[in-house]
Every structure is written in structure tokens, then in C-alpha cells.
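A.B. asks: This is the structure I want to talk about, given as C-alpha cells.
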Amino acid sequence: MTAELIEGAQVVLDDRVTVTSVRIEAGRISGIDVARDGATVVPGQGRLLAPAFVDVHGDAFERQIMPRPGVTIPVETALLETDRQLAANGIATAYHALTLSWEPGLRSVDTGWQVVRALQSLKPRLTAENRLQLRWETFCHTAQPLIAHVIAELDPPALAFNDHTSTMLLHPDVPVQDRPFDQVKPYPVTPLDTPRFLKKMQDQARRAQLTVDAYIARLTEVWADRPMVPAQIARIAALARQHGVPMLSHDDSQPETRAYYRGLGARGTEFPMHERVFIAARAAGDHIVLGAPNAMRGGSHLGSPGAAEMIARGLCDILASDYFYPAMLGAVARLSADGVAPLPVLWGLVAANPATAMGLTDRGRIAPGLRADLVLLDWPEGHAPAPVRTWVAGRGGYSALDA
């Protein structure tokens, strides 16, 4: 592989942004501020060079599989298109948040197996490093063979504990941000015949391609298995610990919930729903993950704490794409414009910090010896930035540069 030297760009380093050169060779960063020495020169003048993004939770790939309710696309085609979107948005490492639910349809275990097998067969053709976050609905016992297979056979995944079942059944008098610990007894369950609950079930049923009555019947059946859930969680957590799989809990609303999953080895909380969880997680040294769309838009669409405020308070370590891949760059741009933190600090939220949380010590920063995962940006003052070239382990993953 011919060496490349990116010259003249503003480069985002750990502690500063400075004009310098970055040399890429054999998939690695081989030098900073070095001579050309026969390398192919990539002009970077007037542009910004930064570490490519590490996305710990992205589920926008679901829209490629099901672009409209009930309309599905072949999984290989959907994942190839997703991979191109990742590279074009500067994402070199992506953990696809693959929901493994008791629901039929898009988020079923059957669809999960299709995604897993497609990623295995497509790996030589993919540009970005496509990994999985096993976003496991804890009421779904049938997902356990798939989880074991992915841990044994694919690039090391992450595991996220989800309990949307309890959330769906939460009594409407209790705000979702105040939802009690998943396993509290008795749990405040909604009446199943209220107009508000039935309306909420319409969207769930449409995604699962069921009637509302059939969906509610399935939900009721699953809820009856609630006493078995803690043992299932313990088994899956033990398997993840055995293989060194990073674990997170999802939508924590109580410190008790965070403490429970931390005790099982989940040292990350993604999208916590109340300030008390942020404070408890920070005191324990947990990784705190928020959605980049929250930061880019200036607030959560669910009414959860705002990412900008949490970052300013030191209560957020990582921004993930969540449901919109361009949001990682868009969040950095918005937070920088608003003066929330210096650019190197903001870039840590989307590169170095997520890499550390996932145990990926070879990427996320621009430093000699690390993987050459880089993104070159066109960023006119006062306007939105756009990637013009992405490198993944030194390979040209995406380019909008002139030949």
C-alpha cells in the first residue's frame, strides 16, 4: 500500500487543533509533521482532519431494511447501503444496535439472524468496520443462541440490556422518566383497554405486522414470564463477562437500575432518562452515552436531559448516532458553535471516548502507531461541515475529492 501524506489541514489532536501533516502507511498513522519522503500527497489546505467516528449505538440501518412500515428490503442490499452511509458520514467503526425482541417482524430474532449472517458473508465487501450491539430485550429468551453465536463467531460485539416491555406497560400516571426499577414489585401496569394505551400499541403493532389485538395478546403472554427474566439476564451477563464483551444498560431512569446492571458488569449507561442516573453513573465511573441527535437538535425528543447541558456539566462521555448517522458530525458542529467545549474535547465524545469504552485501544485518536481511521472535512465558517474523504484503517473508504 502506497504511503499517503495529508498536508496543510487543520488537524484535531488530543489537546489542540493545529496545521500539520499526517502520514498514513500500511493502515496506520506512521508520523505527524513529517517530510513527504515519497508519499502520495493529499492536499488538506482549508480543511479539517480529525479522527473518524466510533459509533457505539446506531439503529438507522433499520430504515434500510424497512423503509416504510411493512415494506422490507433484502438484508444484504440494506446493509451494503448502510455501509456506504457510514463511510460517507465519517464513521469508521459502527456498532449496529440490533434489537432482539419477542416481537415478530423488523426487531425479531429471525430478522436478527438474517442480519448476522449477512454481516458474516459481506465482511470482505464492507468499507467501514461493521460490528453489532446486541440490543437485547430482556424478556426475549429465544435470543440467547444468537447472542452466543455472535460472541463466538463475529467481531467482538457490545451487549445492551433493554426492557421496553416494562416501559410499554407502564401506567400512564407515571412519567417514563420516573419509571421504577425494572424488577420492582408490584410494577405499576397500565389498564390494557385505555384509548391512550391502544393508540401507543398501533405503531408497535404496525412495525411487527400484527393487528393491535394480536400484539397486545403477545405482550400479555410475554409479561406473564416476568419472574424468569432476572435469571435470563444473569446468564447472558455471565456469558458476556466470560468473553470480555462490553455491556451497557438502556434508558435507565433510576439509580437502582444502574446499580443492578453495573453489578452484572455493565459499565455503560446509554440514554439515561433522569438527572439522578447521570449523577449516580458519574460517581461510579460509568460511561455515559447520549444521542448525537439530542445534541444536534438542541434537546431530546422524549423530554430527557439535554445532551449539551450534560456535556457542559461533565455528565456525558459519548455521543452515538442513535437514529441518524449524520448527527455525530452535526452534534460536534452545533456544540462547537454554541461554545459548549473546545473542539478536541468535543471530538473525544465521538471518537476517543467511545473507542475506549468498547476496548478498542487502536483507534479514535490521531497519533503515531494507531489505525488510520480519519475523516477530512470541508467546513466553511458559519456553515455545516461535510466529509470529503474517509479512511478506514488507511483504506480509502469514501471520497468526494477531485481525482
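A.B. asks: Within segment 128-169, how many residues turn out to be surrounded by fewer than 20 Cβ atoms within 10 Å (Cβ to Cβ) and either over 20 Å from the mean Cα position of the chain (by Cα) or under 24 Å from VAL54 (Cβ atoms) (or both)?
C.D. replies: 14
A.B. asks: Which residues, taken from segment 228-257, are touching a strand residue (DSSP E or B) at 6+ places or on another chain (Cβ under 6 Å) and either under 19 Å from LEU132 (Cα atoms) or not assigned by TED's automatic domain parsing to the domain that holds PRO305 (or both)? Lay out the reasoning, then the answer.
C.D. replies: Filtering segment 228-257 down to residues touching a strand residue (DSSP E or B) at 6+ places or on another chain (Cβ under 6 Å) leaves 240, 245-250, 252.
Selection gives ALA240, VAL245, PRO246, MET247, LEU248, SER249, HIS250.
A.B. asks: Ok, one more. Look through segment 345-369, keep the residues that are surrounded by fewer than 17 Cβ atoms within 10 Å (Cβ to Cβ) and touching a residue at least 40 places away in the same chain (Cβ under 8 Å), and return whichever of them is farthest from SER30 (Cα to Cα). Before the answer, list the steps.
C.D. replies: First, the residues of segment 345-369 that are surrounded by fewer than 17 Cβ atoms within 10 Å (Cβ to Cβ): 345, 359, 361-362, 367-369.
From what is left, the residues that are touching a residue at least 40 places away in the same chain (Cβ under 8 Å) are 359, 367-369.
Working: GLY359: 22, ALA367: 8, PRO368: 5, GLY369: 6 Å.
Top of the filtered list is GLY359.
A.B. asks: Considering each of ALA352, ALA327, ALA331 in turn, give the residue that is within 19 Å of GLY285 (Cα to Cα) and touching a strand residue (DSSP E or B) at 6+ places or on another chain (Cβ under 8 Å). Steps first, answer last, please.
C.D. replies: Details: ALA327 fails: within 19 Å of GLY285 (Cα to Cα); ALA331 fails: within 19 Å of GLY285 (Cα to Cα).
Just one listed residue meets the conditions, ALA352.
A.B. asks: Could you list, in sequence order, all residues of segment 44-71 that are surrounded by fewer than 17 Cβ atoms within 10 Å (Cβ to Cβ) and in a loop (DSSP other than H, G, I, E, B)?
C.D. replies: GLN45, GLY46, PRO67, PRO69, GLY70, listed by residue number.
A.B. asks: Out of all the residues in segment 175-214, which are more than 21 Å from ARG226 (Cα to Cα) and of a type in the set (Ser, Thr, Tyr)?
C.D. replies: Those that are more than 21 Å from ARG226 (Cα to Cα) and of a type in the set (Ser, Thr, Tyr): THR194, THR211.
A.B. asks: Could you grab me the full set of residues in segment 1-42 that are of a type outside the set (Val, Ile, Thr), more than 14 Å from ARG371 (Cα to Cα) and in a strand (DSSP E or B)?
C.D. replies: LEU5, GLU7, GLY8, ALA9, GLN10, SER21
A.B. asks: Within segment 380-392, track down each residue that is crowded, with 19+ Cβ neighbours inside 10 Å and in a loop (DSSP other than H, G, I, E, B).
C.D. replies: PRO385
A.B. asks: I'm trying to understand the selection: among the residues of segment 264-305, which are small (Gly, Ala, Ser) and surrounded by fewer than 17 Cβ atoms within 10 Å (Cβ to Cβ)?
C.D. replies: GLY265, ALA283, ALA284, GLY285, GLY298, GLY299, GLY303, listed by residue number.
A.B. asks: Can you run down the residue pairs with Cβ atoms below 6 Å, 6 or more apart or on separate chains, where the first is in segment 305-317 and assigned by TED's automatic domain parsing to the domain that holds ALA284 and the partner is polar (S, T, N, Q) and assigned to a helix (DSSP H, G or I)?
C.D. replies: These pairs meet every condition: ALA307/ASN294; ASP317/ASN353.
A.B. asks: So, one more: Surrounded by 13 or more Cβ atoms within 10 Å (Cβ to Cβ), under 21 Å from PHE61 (Cα atoms) and charged (D, E, K, R), is that true of ARG179?
C.D. replies: No, not satisfied.
A.B. asks: Identify the residue in segment 354-388 that is among the acidic types (Asp, Glu) and at pLDDT 95 or above and, among all such residues, is farthest from GLY330 (Cα to Cα).
C.D. replies: Of everything passing the filter in segment 354-388, ASP362 is farthest from GLY330 (Cα to Cα).
A.B. asks: Hey, can you tell me all the residues within segment 266-282 that are farther than 15 Å from ASP182 by Cβ and in contact with a Pro (Cβ under 9 Å, 6 or more places away or on another chain)?
C.D. replies: Matches in segment 266-282: ARG267, GLY268, GLU275, ARG276, PHE278, ILE279, ALA280, ALA281.
The values are calculated or read from the model by the stated rules, or taken from the named source; none is laboratory data. Not measured: the values here are computed from a predicted model. Quick reminder, even Gly has a Cβ in these numbers, built from the backbone with ideal geometry, and neighbours come from all protein chains shown.
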